């Protein structure tokens, strides 16, 4: 728990409610308790105790000491009633007969101790101290949990406030509140800003820093400050102020850091300005469904170095495109489970409010935030062809194809759990054939050349589209002639093409076959 | 991989307990060719070569190409070739590659 939320120690005298019908015992208890510094209120029956409790109010008493045998009801009846009124209040039960069943039931109802009469004074003092301390701890915990719940609720509301007509997101903080945050806001009728942040740590302090940065970002953006200035300003703040203060640190390692990716989109100029410091590389999907990585690596997060290179990049953008952003909680969980992050994101999106029930999400060790930011355009279906896999593979990985294929299978099964065995077979086998061909011929088996694989799913028309692009020149071929030849002659060549064209429902060859596009209807 | 020679009925059966792919076929090929080429194997004793792919779930093009090399060798011996498959995807693969026109394809 963060030191910022720790409660101050109690400054008042502790209060005990003593419920005892025997006058001698009552006095004996009162005198001892007062001697130890407790403020004591007395009751002779359950009804009187309930009246006293109701009069003083919840949280007034720190401990209740009750005899078991009382004139109207038993001490257990009182415990049962108190548990409903204030489950944090600890109680001590007194009785002349230490019956096991009675002890068990008392403990179940929240009694922290059970003392036999005649009461030993040392045992009484230890018991009442223990009970009062437990009440204090319980109340503090309830207050802290309540504060965390409030904070978490506020954060979820603020994040989901960004979820408007053109923003779709999944947000799963590891605890009630955390450092992942997303904001999306209109700057003027032609442009909007979007900021994704991931602050180190999963505590209220991380949520606070994240919200603070978002406030600065929004304010400076609306006053036309360049992205680089905003990020530089916040980096300076973290490095020179926040991380210099030992009191503000909650971790022992290097202070607070903030991975952040910001977008400024100008639909009139058709440009997207991106600044990424330490966040996973965002992806832009163009209206034709093809994905484009926006940058290479995110570089170090804010807060690490005073001289971090902070540089925005300008990309052309068109109506109907979508930018996908996520925090490394998604990437880390996907890697640990051997699946592609966008497939995990799809699974979370599909599960919606039931995502917390997904077994894979229970294994998350970090906050997870994923957002799809759509660039609207009249007449264009936005964001329907959702990317599931976007990855580059070195050309010398043909021998690793079984492992790669197993990863694609796991990913697709997670993203598309209803995929039939036949569809899964066809997609994986055709992808395998196309990838082997691209590595062998397009990359000539060389490690420095890469094959881009993209797999996307059309959310309305329910088909999977696979793109395989290699850097080679492709080659001329007559597919029909090859197919005819196979029927006549037993040959051990060219079956790869026949596989591809028969497994997919539709195949498009571009650049002499250096780009192959496969469609599979589900 | 299991191999079974039934000389009584003139059948040489090979049962594959894995997929027939670019990565598995390289491990299978030397053993298959050894079985076919070794004099200890009475090639003349079998007239039917049966490849049991009942446990196979996937056949890829490289696996198929290597297999066709085997098929040609068997044809040169004058023997027939029979393939048993249970998986509908594997069966379909032999159909669209037109191999069913060169051997006997039996779906279990």
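The values are calculated or read from the model by the stated rules, or taken from the named source; none is laboratory data. Everything numeric in this text was worked out from a predicted model, so none of it was measured. Glycine also receives a Cβ, built like all others from the backbone with ideal geometry; neighbour counts cover every protein chain displayed.
Quick notes on this structure:
- In the stretch B:81-99, residue nearest to the chain's Cα centre (by Cα) [restricted to those that are surrounded by fewer than 17 Cβ atoms within 10 Å (Cβ to Cβ) and over 15 Å from residue A:426 (Cβ atoms)]: B:82
- Of all the criteria given as (1) more than 14 Å from chain A (Cβ to nearest Cβ); (2) surrounded by fewer than 17 Cβ atoms within 10 Å (Cβ to Cβ); (3) closer than 30 Å to residue A:405 by Cβ; (4) at pLDDT 75 or above, the one not satisfied by residue B:31 is (4).
- Filtering B:108, B:71, B:84, B:103 for residues that are in contact (Cβ under 8 Å) with a residue 24 or more places away in the chain, touching a strand residue (DSSP E or B) at 6+ places or on another chain (Cβ under 7 Å) and farther than 20 Å from residue B:46 by Cβ leaves a single hit, B:108.
- Within the option set A:175, A:166, being surrounded by 15 or more Cβ atoms within 10 Å (Cβ to Cβ) and under 24 Å from residue A:353 (Cα atoms) holds for one residue only, A:166.
- Subset of the stretch B:48-69 (residues that are more than 13 Å from chain A (Cβ to nearest Cβ) and under 12 Å from the mean Cα position of the chain (by Cα)): B:48, B:49, B:50, B:51, B:52, B:53, B:54
- Residue within the stretch A:125-146 that is in contact with a helix residue (DSSP H, G or I) (Cβ under 6 Å, 6 or more places away or on another chain) and either at pLDDT below 85 or more than 24 Å from residue A:364 (Cβ to Cβ) (or both) present: yes
- Among the residues of the stretch A:70-119, none is identified as out of contact with any strand residue (DSSP E or B) (no Cβ under 8 Å at 6 or more places or on another chain), in a strand (DSSP E or B) and in contact (Cβ under 8 Å) with a residue 40 or more places away in the chain.
- For the stretch B:70-108, the set of residues classified as within 8 Å of chain A (Cβ to nearest Cβ) and assigned to a loop (DSSP other than H, G, I, E, B) consists of B:97, B:98, B:102, listed by residue number.
- Annotation: residue A:474 fulfils all but one of (1) at pLDDT 90 or above; (2) in contact with a helix residue (DSSP H, G or I) (Cβ under 6 Å, 6 or more places away or on another chain); the unmet one is (1).
- Checked against the criterion of being outside any helix (DSSP H, G or I) and over 22 Å from residue A:282 (Cα atoms), the candidates A:147, A:177, A:183 yield just one match: A:177.
- Residue check for residue A:364: surrounded by fewer than 23 Cβ atoms within 10 Å (Cβ to Cβ), in a helix (DSSP H, G or I), within 17 Å of the chain's Cα centre (by Cα) and in the same structural domain as residue A:191 (by TED's automatic domain parsing): no
- Hits in the stretch A:300-358 - residues which are buried (at least 17 other Cβ atoms within 10 Å of the Cβ) and at positive phi: A:303, A:320
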